[in-house]
Amino acid sequence: MGKLSEILKAYSLHNPAVGYCQGMNLITGSLLLICVTSEDVFWLLCAIVDKIMPSGYFDRGLRSSRADQAVLRSYVSEVLPKLDTKLEELGVELEACTFQWFLSLYSAVVSAEPLFRIWDVVLSLQSSESSHRKRLVPWPRPCRQLRLRQRQLKGIDKRSGMMGRAPHSY
């Protein structure tokens, strides 16, 4: 736990405008599993937060994170209309189920091996696109999970049942 706290404190001093955001601890913890030194983890965290992910993704307003949630919501309503209708009937906000997926870059919900594969793809695409100011929303995996569990989720008749069975883990 010492290295994790040390790295997160160092990052908050490095970039006080962002400071600490929930999800960074999970990203940092995952990086600690694959990096040799704490310094490597620190610089990778800096690259992810400051360069690779869009501006505003981890700051206090979470503008870009919320924008990704809006895009996911729109996508679900277009691609999974029955599930979208069910979520509305139950008064469940999809964002309440998926926001942590995005803030932790999936480290909260995906085991190590698939997580690092997702990061390879998403972060390398984000990095290559960042110079062109294009945006890649990393939501194909959540949509796939929602699609796979759509039948199960449609059978739920209470909001509490939906929250307990939403696909929060892969």
>> Going through SER30, SER107, SER55 one at a time, which residue ends up being open to solvent by 10 Å² or more (accessible area, probe 1.4 Å), in contact with a helix residue (DSSP H, G or I) (Cβ under 9 Å, 6 or more places away or on another chain), under 18 Å from TYR11 (Cα atoms) and not in a helix (DSSP H, G or I)?
In response: SER55
>> Residue pairs, Cβ under 7 Å, 6 or more apart or interchain, first in segment 100-120 and within 17 Å of MET53 (Cβ to Cβ), second surrounded by fewer than 20 Cβ atoms within 10 Å (Cβ to Cβ) and charged (D, E, K, R). List them.
In response: TYR106/ARG141; ILE118/ARG141
>> Kindly evaluate ASP40 against the criterion of being closer than 15 Å to VAL18 by Cβ and open to solvent by 30 Å² or more (accessible area, probe 1.4 Å).
In response: no
> Looking at segment 58-77, which of its residues are more than 17 Å from the chain's Cα centre (by Cα) and crowded, with 17+ Cβ neighbours inside 10 Å?
Replying inline: none
>> Checking the condition surrounded by 15 or more Cβ atoms within 10 Å (Cβ to Cβ) and in a helix (DSSP H, G or I), which residue from LEU13, LEU4 passes?
In response: LEU4
> Restricting attention to segment 33-52, which residues are assigned to a loop (DSSP other than H, G, I, E, B) and either at pLDDT 95 or above or out of contact with any helix residue (DSSP H, G or I) (no Cβ under 8 Å at 6 or more places or on another chain) (or both)?
Replying inline: VAL36, THR37
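The values are calculated or read from the model by the stated rules, or taken from the named source; none is laboratory data. Bear in mind that the values here come from a model prediction, so they are computed numbers and not experimental data. Cβ atoms come from the backbone with ideal geometry, glycine included; neighbour counts cover every protein chain shown. Remember, those area values only see protein heavy atoms, side chains included, never the ligands or the DNA or RNA. Shrake-Rupley method; radii C 1.70, N 1.55, O 1.52, S 1.80 Å.
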